[in-house]
1. Counting other Cβ atoms within 10 Å, keep those with at most 14, restrict to DSSP loop, and tell me which chymotrypsin sites (Phe, Trp or Tyr not before Pro) in the stretch 1-93 are left.
2. Using DSSP loop states and a limit of at most 10 other Cβ atoms within 10 Å to flag trypsin sites (Lys or Arg not before Pro), what is the longest stretch of the chain containing no flagged site?
3. If you take the beta carbon distance between residue 284 and residue 156 as r and set R0 to 22 Å, what does 1/(1 + (r/R0)^6) give as a FRET efficiency, to the nearest 0.05?
4. With a 10 Å cut-off between alpha carbons and a GNM built on the chain, which of 334, 314, 326 moves the most?
5. Could you give the nm distance between label points at residue 126 and residue 88, where each point is 7 Å from its Cα heading toward the beta carbon?
6. Most mobile of 114, 210, 63 per a Gaussian network model of the chain (Cα springs, under 10 Å)?
7. Using a basic spin-label model with each label point 7 Å from the Cα along Cα→Cβ, how many nm lie between residue 260 and residue 14?
8. Using the Cα gyration tensor of the stretch 75-234, with a ≥ b ≥ c the square roots of its eigenvalues, what is the shape: rounded (a/c below 1.5), prolate (a/b larger than b/c) or oblate (neither)?
Amino acid sequence: MKNIQFIDLDAQRRLLGDKIDHAVMNVINSGAYILGPAVTELEKQLCDFTGAKHTITCASGTDSLFMVLLAKNVGVGDAVFVPTFTFAATAEVVALAGATPIFVDVLPSNFNMDPESLRAAVDMVVSEGKLTPKGIIPVDLFGQPADYDAIQEIADAHGLWVMADAAQSCGATVNGRHTTAICDAGSTSFFPAKPLGCYGDGGAIFTNDDDLANRLLSIRVHGKGKDKYDNVRLGINGRLDTVQAAVLIEKLALFRDELTARQRIADQYNTALADVATVPQLDANKTSSWAQYTLLVDDRDAIVEGLKAKGVPTAIYYPIPLHQQTAYKHFPTTPQGCPVSESLAEKVLSLPMHPYLDQETQDYIIAQVRDVIAQTRKQAA
Ligand SMILES: *Cc1c(COP(=O)(O)O)cnc(C)c1O
């Protein structure tokens with residue numbers, strides 16, 4: 001059996017061929033390493049792709065979230081609502097800004113922020129009167145957009161901004177629109193393993209708000225005014241490398257076809273595995289970028305071991321919800337707690353998912369998953 005990759009970046013690299021070598025060498029020979037022409041070109045192409053009015057590329061997905069918090073003047077005494085079932089960066093940036101992340105539970109159906117749990121959390125903060133509610137950061141987990149209609153309604157009722165953490169969902173839509181173009185701001189990551197990844201770290205912020213876009217351009221270069229030696233606010237060094245922008249332009253050219261391939265692969269997994277595990281549900285008004293294909297299973301440890309023995313790599317996103325993590329457990333949660341997230345953390349299992357997963361390999365993975373689940377059930381009975 002050949003070596004099965006969880007995410008196969010080599011297959012994409014072979015397809016990109018010489019084009020990407022030339023794009024990278026062009027930047028190296030041009031000498032324009034910082035904010036060179038490829039950065040501007042990529043930002044223009046990402047506006048066309050997402051429908052957002054402004055794209056501000058930056059150094060990572062984490063920076064993209066943090067820069068928006070700086071631009072929104074989030075700080076001590078402010079509350080920002082985040083799902084607990086996510087990667088640490090979503091809550092980390094809130095705490096780094098000096099504000100308090102409030103953990104909200106997720107829905108069992110799509111693993112995303114539960115609007116009712118959010119509503120209860122906002123009401124709790126308002127009635128306690130100690131913190132000022134400022135914003136909401138829904139995460140599009142595994143590539144599927146959160147429930148923005150319901151979340152926006154709660155935001156509007158309390159005057160809160162909404163920033164989409166679309167680190168995993170570049171290319172995904174809700175009601176035909178990219179999530180990064182429907183909120184006050186959207187943030188994404190170009191970490192190599194994300195749906196649209198570069199060959200290092202990178203990220204971008206999307207917004208339709210001219211004033212926010214201007215602040216972000218300043219924050220990206222140490223809070224510059226007329227130049228970087230005129231400092232009008234606090235900022236960071238948040239720039240995307242020109243080399244990475246050149247890589248991303250080549251990869252963006254393949255991205256629509258890759259999204260189609262990811263959907264086909266997810267459909268095939270769903271059809272083949274629905275009778276042996278809980279398969280992911282895609283809401284009718286949404287498309288997903290399928291950053292991960294994630295099942296819910298009982299007896300997960302035995303299944304992971306069984307698949308490993310058959311050469312099928314798997315991953316667990318996420319083994320511990322943030323409200324139970326050492327660095328975050330002192331922050332508040334929604335009044336009912338986060339039981340759905342706690343239960344998901346024990347059952348989630350992600351299978352190999354990337355656009356270059358060929359039929360033969362996927363058929364092998366499916367056969368092994370069915371077989372291993374049948375074995376563990378027999379042993380349990
Ligand atoms: C990957 C990720 C981030 C952080 O992106 P980096 O580019 O690694 O900094 C933030 N939020 C979520 C949900 C992510 O999956």
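1. Those that pass, being in a loop and sparsely packed, are 33.
2. Details: sites that count: 2, 130, 226.
Longest run free of exposed loop sites: 227-381.
3. For residue 284 and residue 156, the calculated efficiency is 0.40.
4. Its mean-square fluctuation being the largest, the pick is 326.
5. Output for this residue pair reads 3.4 nm.
6. The residue that fluctuates most here is 210.
7. 2.1
8. Note, shape of the stretch 75-234 comes out oblate.
Each reported figure results from applying straightforward, stated rules to the coordinates on display, with no laboratory input. Please read these numbers as outputs of a predicted model, since none were measured by experiment. With ideal geometry, Cβ positions are generated from the backbone for all residues, glycine too; neighbour counts draw on all protein chains shown.
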